[in-house]
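The values are calculated or read from the model by the stated rules, or taken from the named source; none is laboratory data. Quick caveat, the model's predicted, so the values are computed rather than measured. Cβ atoms come from the backbone with ideal geometry, glycine included; neighbour counts cover every protein chain shown.
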Amino acid sequence: MAKKLVAVVDVGSLTARIKIFEIGANGVPKTIETIRKFTSIGAKSVDGIIPPEQVDELCSCLQGFTLKCKEYRIHKVIAVATSAFRDAVNRDIVIEQIRARTGFKIEILDTSMECFYQNLAVRESYPDFEKMISEGTMLLDIGSRSMQATVYDKSEFIFSQNMVLGSLRISGMLSTLQNRTTHYSDVLEEFIAQDLNDYHAVEPKGITYKHLIAFSGEMSFIRRLAGYDAFEECTLTKEQFMKVYDYLIKTRPTDLTFNQNIPAHIAPLLLPVTMIIKDMLDYTGVDQVYMPHASLSDGIVYNYCHEHFGMRLVIPPSQDLVSGARNIAKRYRCDKKHIEFVEKRSLEIFDCIQKFAGLENRERLLLQMAAILHEIGKFVKAQNHNEAAYSLIESTDFIGLSADELNTIAYIVRLYPVDKPYANYSFRNLPSKKKVTISKLTAILRIADSLDASHTEKIKNMSVTLYPDRLHISCEARADMSFEEWAFEHRCDLFEEVMGIEARLRVRRQL
């Protein structure tokens, strides 16, 4: 049997990398070869434009990767780009040039998916991750242009927040100050502390931290400065870490390049990275920091193997998303019993009509999250709470959801209480396929919510049956259901429009 070989090409702000994996019989990938080239696209972009000379340099690098793929006879190539392309105004043109010149079709990852793959790489590479998150644990993903802090506690995903606080962005913004002050490190620390204080203001309170995991593209150099192998995971005590921090405070980037053989465009980024970690060590009160050797490429191939080869993940991706939605609903003081009822009934209806309606498993997750979040807008205002919820969802970080998926959830929540959702101007301008999906999921949520219109959970038992001409919902109720029956009659019209069949409700009163 031929070996299954997968290559992941990752184009970042400072490096381009290809990792080649062999997929085992159990679906678990094994690294065969890694090649990394320094490109400094992000450092040399001007006004958000990747210049032609940088495109030439990158294409030359990627052409070498193409030869490597041919050498190995790669089964599958996954090519991605991150913030350097995400922030570039000419990204579409550059992506097309790369395709024409190298054959690589590059997907630009949004911030959420980039963080998802990074976190997935850490979770799968650390053997005791499940045990670790039983206690307060913070993951710091320090990128070149932003930083993501993710919190776990009591074996649950609690919170995640993205900040525009990347190492390259900080260094670039403050570079002009370096020659104007003899206290550059103090200014740098003040700048970082200001943004981190904003994060601390919104982070959930009451968590006792026991573990801090930090990872970034510059981490291999920090491990090396601490006396460890650059390409092996390690755990630094706070004392060990502070020795590296103090050394970076006293050492100019040019000296790091000359004395430590650290690339010139990497050296200025090490101090911002260590300052962020130091601030979080002080804030969490933990006495050590774990620095894994796990890359974006690892997370991408783990996810690919999970979807295509049945690889079992430490934590199913949907578990974190649902847990995150529940914590947000809790933060906005939603009626817990009501949203649990609506979530359960929505999924029962979905499961009954999924095949008939042509819906995918991923869309089941989007409906579930919409059901959990459908009333968060009431925390902001009672009237038009759905519009408030739409804005809240759009501005929330959900690691593992693409921007388009997050927008779909926001639209479902926005439209479910509206009598004529098609009248919404922005909805009418969505792509046709997306409008159909949103309409179907909104129709299901409308019915599920109507079954508990009074927020008193009167229904005890419910069954859903699909007939050729109708969806039949039968339930037992412990109280008068007149209000719910009225709400059902006024909410089932959208279901009939988009599904092409009637929805009927039969109620039996429990004695």
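Taking residue 434 as the residue in question, decide whether it is outside any strand (DSSP E or B), in the same structural domain as residue 375 (by TED's automatic domain parsing) and in contact (Cβ under 8 Å) with a residue 60 or more places away in the chain. Walk me through how you get there before you give the answer.
Working: outside any strand (DSSP E or B): yes; in the same structural domain as residue 375 (by TED's automatic domain parsing): yes; in contact (Cβ under 8 Å) with a residue 60 or more places away in the chain: no.
No: the conditions fail for residue 434.
What about residue 304, is it closer than 30 Å to residue 210 by Cβ and aromatic (Phe, Trp, Tyr)? Step through it out loud before you land on a result.
Values: closer than 30 Å to residue 210 by Cβ: no; aromatic (Phe, Trp, Tyr): yes.
So residue 304 fails the test.
Within the group 53, 57, 114, 71, which residue is crowded, with 20+ Cβ neighbours inside 10 Å and outside any loop (DSSP other than H, G, I, E, B)? It would help to see each step written out before you state the result.
Working: 53 fails: crowded, with 20+ Cβ neighbours inside 10 Å; 57 fails: crowded, with 20+ Cβ neighbours inside 10 Å; 71 fails: crowded, with 20+ Cβ neighbours inside 10 Å.
Within the list 53, 57, 114, 71, the selection yields 114.
Let's see how each residue does on (1) modelled with pLDDT of 95 or more; (2) crowded, with 18+ Cβ neighbours inside 10 Å; (3) within 24 Å of residue 157 (Cβ to Cβ); (4) not hydroxyl-bearing (Ser, Thr, Tyr):
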{"position": "371", "(1), (2), (3), (4)": "yes, yes, yes, yes"}
{"position": "379", "(1), (2), (3), (4)": "no, no, yes, yes"}
{"position": "382", "(1), (2), (3), (4)": "no, no, no, yes"}
{"position": "424", "(1), (2), (3), (4)": "no, no, no, yes"}
{"position": "431", "(1), (2), (3), (4)": "no, no, no, yes"}
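Any residue that is surrounded by 14 or more Cβ atoms within 10 Å (Cβ to Cβ), on the phi > 0 side of the Ramachandran plot and touching a residue at least 12 places away in the same chain (Cβ under 8 Å) - is there at least one of those in the range 39-47?
To start, the set of residues in the range 39-47 that are surrounded by 14 or more Cβ atoms within 10 Å (Cβ to Cβ) comprises 39-45.
After this cut, where a residue has to be on the phi > 0 side of the Ramachandran plot as well, the list is 40.
Those left that are additionally touching a residue at least 12 places away in the same chain (Cβ under 8 Å): 40.
Checked the range 39-47: at least one residue is surrounded by 14 or more Cβ atoms within 10 Å (Cβ to Cβ), on the phi > 0 side of the Ramachandran plot and touching a residue at least 12 places away in the same chain (Cβ under 8 Å).
From the list 244, 289, exactly one residue is in a strand (DSSP E or B) and surrounded by 14 or more Cβ atoms within 10 Å (Cβ to Cβ). Which is it? Lay out the reasoning, then the answer.
Values: 244 fails: in a strand (DSSP E or B).
Selected residue: 289, the only one of 244, 289 that is in a strand (DSSP E or B) and surrounded by 14 or more Cβ atoms within 10 Å (Cβ to Cβ).
Filter the range 381-405 for residues that are closer than 23 Å to residue 419 by Cα and in contact (Cβ under 8 Å) with a residue 40 or more places away in the chain and give the result.
Pass one, the range 381-405, residues closer than 23 Å to residue 419 by Cα: 381-394.
The one that is closer than 23 Å to residue 419 by Cα and in contact (Cβ under 8 Å) with a residue 40 or more places away in the chain: 392.
If we scan the range 447-465, do we find a residue that is assigned to a helix (DSSP H, G or I) and not hydrophobic (A, V, I, L, M, F, W, C)?
Looking only at the range 447-465, we keep the residues that are assigned to a helix (DSSP H, G or I), and these are 447-450.
From what's left, not hydrophobic (A, V, I, L, M, F, W, C): 449-450.
The answer is yes, given that some residue of the range 447-465 is assigned to a helix (DSSP H, G or I) and not hydrophobic (A, V, I, L, M, F, W, C).
Applying the selection to the range 260-296, what residues are in contact with a Ser or Thr (Cβ under 8 Å, 6 or more places away or on another chain) and among the polar types (S, T, N, Q)?
Once the filter is applied, which keeps residues that are in contact with a Ser or Thr (Cβ under 8 Å, 6 or more places away or on another chain) and among the polar types (S, T, N, Q), the range 260-296 yields only 288.
Tell me which of these residue 264 doesn't satisfy, since it passes every other one: (1) more than 23 Å from residue 146 (Cα to Cα); (2) out of contact with any Asp or Glu (no Cβ under 8 Å at 6 or more places or on another chain).
In the conditions (1) more than 23 Å from residue 146 (Cα to Cα); (2) out of contact with any Asp or Glu (no Cβ under 8 Å at 6 or more places or on another chain), residue 264 misses (1) alone.
Out of the range 56-86, which residues are touching a residue at least 40 places away in the same chain (Cβ under 8 Å), farther than 22 Å from residue 144 by Cβ and either touching a helix residue (DSSP H, G or I) at 6+ places or on another chain (Cβ under 9 Å) or of a type in the set (A, V, I, L, M, F, W, C) (or both)?
Selection gives 69, 74, 76, 77.
List pairs: first in the range 238-254 and under 10 Å from residue 270 (Cβ atoms), second of a type in the set (A, V, I, L, M, F, W, C), Cβ under 7 Å, 6+ apart or cross-chain?
Partner pairs satisfying both residue conditions: 244/222; 244/225; 244/226; 247/225; 248/270; 248/271; 253/267.
If you take the residues of the range 89-111 that are crowded, with 21+ Cβ neighbours inside 10 Å and within 21 Å of the chain's Cα centre (by Cα), which of them is farthest from residue 6 (Cα to Cα)?
109
In this structure, does residue 325 turn out to be touching a Leu at 6+ places or on another chain (Cβ under 7 Å), assigned by TED's automatic domain parsing to the domain that holds residue 131, on the phi < 0 side of the Ramachandran plot and not hydroxyl-bearing (Ser, Thr, Tyr)? Spell out how you get there, then give the answer.
Values: touching a Leu at 6+ places or on another chain (Cβ under 7 Å): yes; assigned by TED's automatic domain parsing to the domain that holds residue 131: no; on the phi < 0 side of the Ramachandran plot: yes; not hydroxyl-bearing (Ser, Thr, Tyr): yes.
Considered against the rule, which asks whether it is touching a Leu at 6+ places or on another chain (Cβ under 7 Å), assigned by TED's automatic domain parsing to the domain that holds residue 131, on the phi < 0 side of the Ramachandran plot and not hydroxyl-bearing (Ser, Thr, Tyr), residue 325 comes out as no.
Tell me the residue from 501, 473, 447 that is under 22 Å from residue 334 (Cβ atoms), in the same structural domain as residue 352 (by TED's automatic domain parsing) and touching a strand residue (DSSP E or B) at 6+ places or on another chain (Cβ under 7 Å), please.
That would be 447, the only listed residue that is under 22 Å from residue 334 (Cβ atoms), in the same structural domain as residue 352 (by TED's automatic domain parsing) and touching a strand residue (DSSP E or B) at 6+ places or on another chain (Cβ under 7 Å).
Does the range 18-35 contain at least one residue that is among the small types (Gly, Ala, Ser) and in contact (Cβ under 8 Å) with a residue 60 or more places away in the chain? Don't jump to the end; show me each part of the working.
Here is the first cut: in the range 18-35, the residues among the small types (Gly, Ala, Ser) are 24-25, 27.
Imposing the further condition that a residue be in contact (Cβ under 8 Å) with a residue 60 or more places away in the chain reduces the set to 27.
Taking every residue of the range 18-35 in turn, at least one turns out to be among the small types (Gly, Ala, Ser) and in contact (Cβ under 8 Å) with a residue 60 or more places away in the chain.
For residue 355, all conditions in the list (1) on the phi < 0 side of the Ramachandran plot; (2) modelled with pLDDT under 95 hold save one; what is the number of the exception?
(2) is the only condition that residue 355 fails.
Restricting the first residue to the range 318-331 and requiring it to be over 11 Å from residue 159 (Cα atoms), which pairs with a second residue that is assigned to a helix (DSSP H, G or I) and not β-branched (Val, Ile, Thr) meet a Cβ separation below 8 Å and a spacing of at least six or different chains?
Within 8 Å, the pairs are 318/365; 322/365; 322/368; 322/369; 329/336; 329/373; 330/336.
Checking the structure you have, find out if any residue of the range 410-425 is among the β-branched types (Val, Ile, Thr), farther than 30 Å from residue 300 by Cβ and not in a helix (DSSP H, G or I).
Yes, that holds for at least one residue.
Can you find a residue that is of a type in the set (Ser, Thr, Tyr) and assigned to a strand (DSSP E or B) anywhere in the range 476-484? Walk me through it before giving the result.
First, the residues of the range 476-484 that are of a type in the set (Ser, Thr, Tyr): 482.
Restricting the remaining residues to those that are assigned to a strand (DSSP E or B) gives none.
Checked the range 476-484: no residue is of a type in the set (Ser, Thr, Tyr) and assigned to a strand (DSSP E or B).
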